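Every read-out reported here was derived from the displayed coordinates using simple, explicitly stated rules and does not represent laboratory data. This is a predicted model, so every value here is computed, not measured. Cβ placement follows ideal geometry from the backbone for every residue including glycine, while neighbour counts extend to all protein chains displayed.
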Amino acid sequence: MTELALIGSVMVELALFMAELAFQWRKKLMNWCVSILDFFNNWIQLNLDFFFREIKFRF
């Protein structure tokens, strides 16, 4: 019975560790996705600004 309790506690510890790891990775992944989206947003904004400046310059 004690071996079973030991195995159970080790499995619980492992599950908690994996959950913590998954949470940290999710945070990192979210930050990475947000930074990529932010980059594309800034790039599109710059291109639109340039485009509208060109239109104003032409007319």
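The three principal axes of the C-alpha atoms in region 1-43 carry coordinate ranges of 62, 7, 5 Å, sorted with the longest axis first.
A Cβ-based charge dipole, computed about the Cα centre of the chain with Lys and Arg at +1 and Asp and Glu at -1, lands at about 520 debye. Look at the dipole of the chain built from charges on Cβ: of 9, 37, 21, the Cα furthest out on the positive end belongs to 37.
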